[in-house]
Structures are given as C-alpha cells and as structure tokens.
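Notes follow once the structure below has been shown.
The values are calculated or read from the model by the stated rules, or taken from the named source; none is laboratory data. In this text, all values refer to a predicted model and were calculated from it rather than measured experimentally. Here the Cβ positions follow ideal geometry from the backbone for every residue, glycine too, while neighbour counts run over all protein chains shown.
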Amino acid sequence: MAVMSRATSSRWAKLLLLVAALCCLVYPAVSVKHENFKTCDQSGFCKRNRAYADSAAASSSSWVSPYVLDSASVTFSKGQLSGTILKTVTTSDRPVRLPITISFFESGSVRVTIDEEKRQKGEIELRHGSKARKERYNEAEKWAIVGGTKLSSGAAAAQDAQPGTSKIMYGLGTKFEAIISHSPFGIEFKRDGELHIKLNDRGLLNVEHWRPKIDKPQEEKKEGEDDNTEPKALTEDESTWWDEAFGGNTDTKPRGPESVALDVTFPGYEHVFGVPEHTGPLSLRQTRGGDGNFNDPYRLYNADVFEYEMNSPMTLYGAIPFMQAHKKDSTVGIFWLNAAETWIDIVKSKSSANPLSLGIGSHTDTQTHWFSESGLLDIFVFLGPTPQDVVSSFSELTGYSQLPQQFAIAHHQCRWNYVTDEDVKDVDRKFDKSQIPYDVIWLDIEYTDGKKYFTWDPLTFPNPIGMQKQLDDHERKLVAIIDPHIKNEGGYSVVDELKSKDLATHNKDGNIYEGWCWPGSSYWVDCFSPAARKWWGQLFQYAKFKGSAHNLWLWNDMNEPSVFNGPETTMPKDNLHHGNWEHRDVHNLNGLTLVNATFEGLVSRNKEEEKAGGVRPFVLTRSFYAGSQRMGAMWTGDNQANWEHLEASLPMILSLGVSGFPFAGADVGGFFGNPSRELLTRWYQAGAFYPFFRAHAHIDTRRREPYLLPDLERGIVTQALRLRYALLPAWYTAFHAASKTGAPIVQPMYYAHPGDEKGFAIDDQMYLGSTGLLVKPVTKEGASSVDMYLPDNEKYFDYSDYTSYSGPGHVKIEAPLDRIPLLMRGGHIVPRRDRPRRSSGLMRFDPFTLVVVLGNDGKAEGEVYLDDGESYDYEQGAYIHRKFTFSGATSSLASEDVGIKGKKTSQYLQQMKDVQVEKIVIVNAPSSWKSKTEVDVSEEGTTSSGSSKKAGFGFISGEAGKADWAVVRKPGVSIGGGWKISFA
Ligand code: NOJ
C-alpha cells in the first residue's frame, strides 16, 4: 500500500474540507410537494362553497340567502333560544328543516348550533353499504369543551325587537345584544349598542342537506379533469358531491355532500389573528387573491407536511379554529367548533360613509367565510372588549393550558437520534463538563426495538434504567417518543392486544385499517374509543413499559395521524372510528385524543405515585386541536435550518399563544439541514424566549450540541441558556398566569397595547408574560442591530447595561452576535435566580433577585409564583404567590401575599422559609438616593417601627445614556414572607 507523504495527505485534507464547506453552501433547497396536498379547488366542498360565495357576490344586491328562521318555531327560555331554520331548495317544494339553538352563557359567550333534522333522525341512506353514522358529528364538544357553558339566568328577550327579529340582551349588565333576523336568517352582535359581529351578513350560510344520489347516465369525472359543463343551477352541480379522488385514493363519501359554511363579518376591524397552525404573519392575510394576498383560504386539516413552506395558508400539523378580530381598543372573537377539514377565506373591504371623503371616516371591514366538510354548524361568539377577555372566554370553554412541571419550561436537548444509552450519558456528561445547563434529553424513534413502541433496542439501549438514573442524579429527565402507529408484527404484545381487543381504527368496511409508517405496515390505536384509551394508558405503567423510570416523560409525534401511503399523508376520510364516526368528521381531533390517553396513562402509571397525589405529566404533541393545551406542549414540527424558518417561528408561536395554546416552540437550530454557527447561535437566543425551548435535529444532520460550538459561539449560547435559567421564576409565573387566565406566555404588541394601532401588525418582538421584558430576537443573517418598536412613552432599559430608550416609535438596538435585544419596560418588577446550575431542579432552594424597573411615574409592580414544580400540591395551597409593589409616594417596596391558603400552604412555606431575596436591583433609581448607604427593612409580624433592620445599599450613576441604578444587598427577607423596604 502506498503511503501518502505528509504534504499529500494535508493537501487531501484541505480538499476534503473544501468539498465539505461547499456541500454546506449548496445544501439542497427543500420545499413542500404541493401536489401531495389539496388546494381549495381540489377539495370538493371548498370549491362548492367558494363558488357559492362567488355567485352571491356576482348577484350582489339581488342575492337572498335561502335560509329563514321560522318565526313560529322560536322559543326562548333559560338562556337558550330554539327554533327551526327552513332552507328553500330548488328541487323540492318542501324546505329542509334545520334545528337551531342559540345558547347564552353566564360567561358572556354565545353558542349558535345548527343541525339537520333528517340526518339527526337517521332518515337518510348511506351509499356503498357504509356502516358509518348517519348523524352530523356532534361529539366535538366532548373533546374540546370543558367549562363555561352554564346558561345565563340574566339573558332576556327584549320587548323592543323589530318585527321579524328576536333580540336577546345578555352579558354582565346586559351590555351585549344579539339581534336575530328571521328572514333571511342572520345575527348581529352588539356591545354597548355598537355592532361588532355579523353572521350570514353576506348570505353565505350553507348547510348541505342530505339527498340521495340519483344515478344518471353521465360519465364519471376523472381526477384533474376540468369541468366544462355549465351547472344548471348551483345546487344541481353534482360534479363534486360524490366519490372524490385525490392522489390515487378515492374517498367514497357515503353520506354525499354535507358541508357547513357561514360568513362572519367584523365591521370596522382591520386585523384578524389566530386559526393556527400556519406560517405567515400573525395578522392574517386576505385569501382571495390580489397583491400580497393568498389565493387559497387558510386550511385546517392536520397533516404531516414534509418540508413545509413559508408564508402560506397551507395546512400544518394542528388546528385551532379560533379567531380574534382587533381594532383600536376593541377585540372580539369566534370559535368554530368543527373537527372536519375546514377552510377560512378572509377579505378586507374598505368602505367609507361618503365616497368623496377621501378616506376621512372610511374604515375596513374584515369579512371571513368558514366552511367545514361535515358535522354540525357550531360557532361561539365572544364580544371582548380586550384581547385578554376574548382569550380568557375561549380558554374557559376549551381549558387553560396545563401548569407544567418546572423542568418542562427549561432547556431540552433532542436529536434524531441519540444512538445508545452510553451516548445519552456521554452527552449528559459533556453538558456538565462545559457547564451548560439543560434539563431534558430526548430519545427519538431509534431507541425502540425495530420501531416497536414500549420496547428498547436490546443492543443499543441495554440499560435504560441506568441511563435514567444518571440523569436523575442531576434532576434531569428523559423524554421518549411513542407514536400512535403500531407495528404489524406477530409476537409483539402491543399489536397482539390491539388486534385481539379490537382497539384500532377501522377501514370503511369495518376491518382493521392497515397503513404504512416508520415501522412499515402498521395499525393505529383508536383513541376515540374509551376502551382503547384505557388500554393505551396502562401501557405506560412501569411494569408494562419495562425500562421506564419516574423521570421518563413522553413525546407523541405523527398523531395527525401521519400515514405515509395515505391520502395527503393521513388516513382515508372514510375510515371508521369508535361509534362508527367517519375519520372525516373527527380528523382534526385525532392528535388530541392520543395525547389525552397518554396524559391519563401517565397520571396513573404507578399506584404509589398516584396515591401520593401524582406528578404533573409532560407530553409533547405535534398534532393538536382546541383543548390540547390542557395536556402539554406543542412544537411546530419539521422546520429547516435557515433564517426564514427562524424568523417564521416567532409569528407562529405568537399565534398559538393568542389562540389558547401558549406552551409552544420550534426546533432550535432547524430540523432539516445544518445551521451555520451564526444561525445556531441566533436560534438559541430566540429559543431562550420560546415557551417550549428544545433543540432538535434530523437524523442526517451533523451533531450540534452547544458544547460542540467553537469557544466564541459556545460562550454566547451558554449566556443565552443561563439567561433562560435566571429568568425561570418569571417564566414560571407567566405559565401560572396562563393556567389561570389563558394569558399568552409570550405576548404580541396588540395584545399588550390594544390601543396602539402601530403595533397591531408587529409580530417579530414580544413581551414575556406581564413582566415588561420586551425581546426582539435577531432573525437576520449578519445583523448587528435591530429596530425595535416602543409602543408608548414609558422608558425602556436595556436588560444588561440599562441603556435608556424612550418611545413611542422605533429605536435602534445594537445587537452584535453576543447580544439579545432585550428591554425592560419601566413600571415592572422581574423575579430572577442568578446562580448558574446544571438543571432547574437544582435551583429549587436558590435565592432570588428582584429587578425593579421604575416607570415615569416612579412606580413599579410585579409578581412571582412558585411551587414545588412537579406535584399537584399547589392545588391544596402549596405555593407562594407574591405581588411586589414599589410606591413612588412612600418610596418603598413591599411584598404582599396574593395566594389563597390551602391545606398544604404552611407546610410549603415552612419548606421555603430560608429561600431569600438576596438582592434587589432598582433601575432608573431617583438621584436623591445618591448618598444613601443603607435602607430600612421591616418584616411582617415585626412591623412596628422599632423592629426594622438595615440592609446595605449602593447607588450607581449611569453614564452616557444609561440609567442610574441602585442595589439593596442581602435584605434578609424571605421570598415567601411579607416585608417592606423603605428607601425614604
Ligand atoms: C417527525 C417529527 O416531526 C420529528 O421531530 C422526528 O424527529 C421524526 N418524526 C422522527 O421521529
């Protein structure tokens, strides 16, 4: 063998390096395969409803909606109006009867539900001998709704209703009004006499009634073929009514067309937000074409969209059909409770009272049009008036986000895959060696024995317990993936039981449905079935999932469900679930049901633990629906390691936050591809402000754990991670608020400043809860500064050096690679824990720092919530919840209890009694404090003036645009106690 000389080998090495570098540069640009997913035109009911809207618009003033509320049928009692809508059809003398109920709730929300009598009574025939249910799907509420539906005792029918209308006054102080027009049917919602929402204003209400298929001698239309024949009448164009083919799969549609549709107009509202999950701006775009607008409606049909694209109304993995409309100082909203494929068109129309007024007095109406393939027409209306009011009404209905364990909001390290248990332990050690904090390491599908979930590969993971033990030594956790597809392989006990107990999803013929996913041929557990959920849940028992320990938690992926050989990478719509509901009806709920079963299983995986009160489960889900927030976190799926995806993650997370699912994050670093060092560094800086903060990478990527970075970037990333850990008390407090009020954990500008119109469309900067911390992560390559928008004339201070900025307007913030543009708004108090630790669990008894940022008025306020970070004891009062107030008038800072005492309060306080506030920093300190050297501290129970003690004080004059600041050293007060510090 020829031996290469040193020179030759180094030439080769250089060449190889060059090739490797070039490979990085030309990493293939990847993009979604559009042909795998339907456009509106390829989705029969979408096409029909758009055509319906077009013909309504074309005949404009002569268009009359054929839906009339039969006045004689209307009754109102105990907060509920009932009646029958009659739909005139051209093919029959007899109208179609559609029962309607309008429910007015104590909370001030209203629900409008429309069913179809014939289907309700089962008086229809199904095609193809289908075993499917005949009713419209009416169980979405079973999954999505958990409260807020107490009927209002105060709602009352007003006597002054115009003829042909019913008028109901409701809401606190009956400031809300619903005016229901009978012919044509429509509803107007008013708040304090002002109109905010109109239903069926454009006459697009459409409930496709059942009709038999009359076989005419006509050629079946083939997929992709254009329909050139002019329809006789719209309702008679059958071209999309029956069997529908797409991507080589034919949907048999045994019930024929049954879509529901409605237009919802927000008069005077220019911005609408919500309906995640999509890429694109937070303030939703118009969808009917034109400059800068989408051509297709926003689609909600949970799907595994490989290499999803930016700025698109295409569907993604999850669906929350909740929308807010916002204008200056007013927010209203709707929730479209339907789990079938759904599309939403948005059009904004400018109108002005006087066409010659050149914009004076003109305003924008946002017109939306919602359509779903099947099920009830079921819509909730919220009248605000603030974004928080709307989100909290929605959260009251669908549930507040879970208060997670503390580790869950710390830093997670994932990749597809850590390949052995030794590999996991090695990564764990390397984090420690580099002094980089992390709480959770994740295992992707390769840990299993041949993709058989609930097993471990015996060769690569021979000692899972030992691995979890090492993690546990530093209070760290393991999260393992468990997907819903179960490998079809004889002798695998999980599949054997699934089959023998008949707990899998069925195909249209009622036999077990077989499809293709990671393991190859697979079956899908049907978590709509109570028996299947129970069975699934018990698989998590330590005795069943052998090798799992108490610090193992779960990741439910592929739960849209993702089926590699299915239509649009999911299940056929004519598959059957428990109760013979078609998959079509329940599709968007599928992911939620799996997480529900996993969550329940984890709560009860061990009798001892359960008896002791249980530990809060952690489950990450990819697919979700309204209500999934009750059970854990979500992430935005398979993003890409490029700047566009980093940028897109912010509006996506903000959108989820204002839609009731705030525990959201994106794969840090980007899933596909290898990020540059700069991109990875910037992504960690952004990720430190994601509510769910996890690094993840595809199996084909290079390792990129932060300790592998060169010194410079490693140091910067470590700083970002330490910042996350230092601010964990603020994060946890924000998570607590979310679990009580639905408040987003990171908040967009419109949410925090609903009166500031200039901020409504801003979606690249955000507040952390109510802390006043305003961050604008850098998402542009090579950027060394950002333009940050300040909404008001409060002062804002740089988080690290207290440089002072004043609004309103844009300010330039320097942002070299080692800086995250992070400001503190005057008037807030932020709790922190400054000692660097390996994991959050090790910070449990660490002291606190309070950062008091005085506002223009010399005041500040803030809070802290803490508990044991893992159990449910907080439900019995085992927590500390303090409000801190700095009063300018008395020049004092006080801590006040805002918690509610319970059985376990004193025990917890006792445990925490030595946890102190070790430092108080006051930013924007008054110059009159300059010569002060100590402050008076008095504690609750020792408030008489004589008993106060002194604490050291220092004043630092800010130079060159920086604020003066002061520090109180070791005030000797406990975080859970009542105290007052006087600076007078
Ligand atoms: C798809 C998920 O989105 C991704 O995060 C995961 O790594 C792969 N499935 C493999 O399980």
- Query: Among the residues of the stretch 302-335 satisfying the criterion of being over 20 Å from VAL658 (Cα atoms) and not hydrophobic (A, V, I, L, M, F, W, C), which is modelled with the lowest pLDDT?
  - Reply: GLU307
- So LEU316, is it in contact with a Gly (Cβ under 9 Å, 6 or more places away or on another chain) and over 20 Å from ILE197 (Cα atoms): yes
- Query: In this structure, is SER623 assigned to a loop (DSSP other than H, G, I, E, B), within 13 Å of the ligand (Cβ to nearest atom) and either under 9 Å from the mean Cα position of the chain (by Cα) or hydroxyl-bearing (Ser, Thr, Tyr) (or both)?
  - Reply: yes
- Task: Among what's in the stretch 691-706 and is closer than 19 Å to GLY665 by Cα and in a loop (DSSP other than H, G, I, E, B), pick the residue that is farthest from the ligand (Cβ to nearest atom).
- Result: PRO691
- Among the listed residues VAL89, VAL112, which satisfies the condition of being crowded, with 17+ Cβ neighbours inside 10 Å and either modelled with pLDDT under 95 or within 24 Å of SER183 (Cα to Cα) (or both)? VAL112
- Task: Among residues belonging to the stretch 299-317 that are assigned to a loop (DSSP other than H, G, I, E, B) and of a type in the set (D, E, K, R), point out the one that is nearest to the ligand (Cβ to nearest atom).
- Result: ASP304
- Note on the structure: Expected single match for within 16 Å of the ligand (Cβ to nearest atom), in contact with a strand residue (DSSP E or B) (Cβ under 7 Å, 6 or more places away or on another chain) and modelled with pLDDT of 95 or more among VAL658, VAL668, VAL586 is VAL668
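Just the residues that are part of a helix (DSSP H, G or I) and either surrounded by 17 or more Cβ atoms within 10 Å (Cβ to Cβ) or within 16 Å of the ligand (Cβ to nearest atom) (or both), please, taken from the stretch 562-583.
Across the stretch 562-583, the qualifying residues are PRO567, GLU568, THR569, HIS578, HIS583.
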- Message: Taking the criterion of being within 20 Å of GLY632 (Cβ to Cβ), among the charged types (D, E, K, R) and in contact with a strand residue (DSSP E or B) (Cβ under 8 Å, 6 or more places away or on another chain), would at least one residue in the stretch 559-581 satisfy it?
- Response: no
- Message: Tell me whether the stretch 634-643 contains one or more residues that are acidic (Asp, Glu), surrounded by fewer than 24 Cβ atoms within 10 Å (Cβ to Cβ) and within 16 Å of the ligand (Cβ to nearest atom).
- Response: yes
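Can you tell me which residue among GLY147, GLY108, GLY83 is outside any loop (DSSP other than H, G, I, E, B) and either touching a helix residue (DSSP H, G or I) at 6+ places or on another chain (Cβ under 7 Å) or among the hydroxyl-bearing types (Ser, Thr, Tyr) (or both)?
Result of the check over GLY147, GLY108, GLY83: GLY83.
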- Task: Could you tell me which numbered condition LEU172 fails, if it satisfies all but one of (1) at pLDDT 95 or above; (2) exposed (fewer than 14 other Cβ atoms within 10 Å of the Cβ)?
- Result: (1)
- Task: For the stretch 920-939, name all the residues that are free of Cβ contacts under 8 Å to residues at least 12 places away in the same chain and either basic (Lys, Arg) or not assigned by TED's automatic domain parsing to the domain that holds PRO971 (or both).
- Result: none
- Query: Is there a residue being in the same structural domain as ASP251 (by TED's automatic domain parsing) and of a type in the set (D, E, K, R) anywhere in the stretch 21-40?
  - Reply: no
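If the requirement is being free of Cβ contacts under 8 Å to residues at least 24 places away in the same chain and either small (Gly, Ala, Ser) or surrounded by fewer than 17 Cβ atoms within 10 Å (Cβ to Cβ) (or both), which of these qualifies: SER770, SER800, SER785?
Every option except SER800 fails the conditions.
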- Message: Just to verify a result, which residue in the stretch 942-974, among those that are hydroxyl-bearing (Ser, Thr, Tyr) and crowded, with 17+ Cβ neighbours inside 10 Å, is modelled with the highest pLDDT?
- Response: SER974
- Query: VAL525: at pLDDT 95 or above, closer than 23 Å to ASN606 by Cβ and surrounded by 17 or more Cβ atoms within 10 Å (Cβ to Cβ), yes or no?
  - Reply: yes
- Pick out, from the stretch 408-486, the strands (runs of 3 or more DSSP E) lying fully within it that include 1 or more residues that are more than 16 Å from the ligand (Cβ to nearest atom) and either modelled with pLDDT under 95 or not assigned by TED's automatic domain parsing to the domain that holds LEU842 (or both). 411-413, 477-481
- Evaluate the stretch 894-901: report whether one residue or more is in contact (Cβ under 8 Å) with a residue 40 or more places away in the chain and in contact with a Ser or Thr (Cβ under 8 Å, 6 or more places away or on another chain). yes
- Would you please name the residue that is farthest from THR771 (Cα to Cα), looking only at residues in the stretch 875-930 that are of a type in the set (Lys, Arg) and more than 36 Å from the chain's Cα centre (by Cα)? LYS930
- Determine which member of the set LEU842, LEU866, LEU850 is in contact (Cβ under 8 Å) with a residue 60 or more places away in the chain, closer than 22 Å to GLY826 by Cα and of a type outside the set (Lys, Arg). LEU850
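With LEU204, LEU151 as the choices, which residue is surrounded by 23 or more Cβ atoms within 10 Å (Cβ to Cβ) and either touching an Asp or Glu at 6+ places or on another chain (Cβ under 7 Å) or at pLDDT 95 or above (or both)? So that I can check it myself, show each step before the final result.
Working: LEU151 fails: surrounded by 23 or more Cβ atoms within 10 Å (Cβ to Cβ).
Checking each option against the conditions leaves just LEU204.
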